[in-house]
Amino acid sequence: MLTNAELHAHLKAIDPESAALVHPNNRYRVLRAIQIFEKTGKRKSEHRANQKPHRSWVKSRLMQRREGKELPSIIPIDTSNPNDYIAKALEKLSDWQRGVNFYPEKVAELDADDYYGAANRQHYCELCGIMVQSDASYQKHLEGKKHKAMKKRSVKPEAPSD
């Protein structure tokens, strides 16, 4: 049986783009990406590139069911931070219940690749020796107590010059 590190190295060899988006300890996703390649002969990243963006799918489904073809309110919520996305969603729901109109400005199109990449991008902090998932989590790590303490310990005073 291969270790997580060995499986991730194998995935990195066949599909570096997918490997960059999957944490080495996420064995299920690593195995699935390898399985996709072995079954289809195409890398998972190729399959993902050929898929329609989710936003287009939602838009087409909702617009097909509307008479005026006006897109109903769709409010994007950043779910990369598990500590605050529920509060953000409840705030949006509360606004909607109070009758806040979401139509005055069109909701900006999300760049699906950029959003997906930011939420799944891997970062390795060499100072602390840890792997962090997502841009937001990495930024929080850099601002956190553990990282700052490690940074402080790693700074060595220079020898006084004569």
- Checked pairs for the range 123-152, first under 16 Å from H23 (Cβ atoms), second in a helix (DSSP H, G or I), C-beta under 6 Å and 6 or more apart or across chains, list as H123/Y138; C128/H147; C128/M150; V132/Y138; V132/H141; S134/A119; D135/A118; H141/H147
- When the range 4-53 is examined, which residues are found to be farther than 14 Å from Q122 by Cβ, open to solvent by 70 Å² or more (accessible area, probe 1.4 Å) and either in contact with a Ser or Thr (Cβ under 8 Å, 6 or more places away or on another chain) or not in a helix (DSSP H, G or I) (or both)? K42, R43, Q51, K52
- Task: Write out, first by first residue and then by second, each pair whose Cβ atoms fall under 6 Å of each other, whose residues are 6+ apart or on separate chains, and whose first residue, in the range 28-40, is free of Cβ contacts under 8 Å to residues at least 60 places away in the same chain while the second is open to solvent by 70 Å² or more (accessible area, probe 1.4 Å).
- Result: F37/R43
- Task: Kindly indicate whether any position in the range 137-150 is of a type in the set (A, V, I, L, M, F, W, C), open to solvent by 60 Å² or more (accessible area, probe 1.4 Å) and modelled with pLDDT of 60 or more.
- Result: no
- Task: Go over the candidates A19, A49, A13 one by one and state the one that is at pLDDT 95 or above and out of contact with any strand residue (DSSP E or B) (no Cβ under 6 Å at 6 or more places or on another chain).
- Result: A13
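The values are calculated or read from the model by the stated rules, or taken from the named source; none is laboratory data. These numbers were taken from a predicted model, which means no experiment stands behind them. Cβ atoms come from the backbone with ideal geometry, glycine included; neighbour counts cover every protein chain shown. Surface accessibility is based on the protein's heavy atoms, side chains included, excluding ligands, DNA and RNA. Shrake-Rupley method; radii C 1.70, N 1.55, O 1.52, S 1.80 Å.
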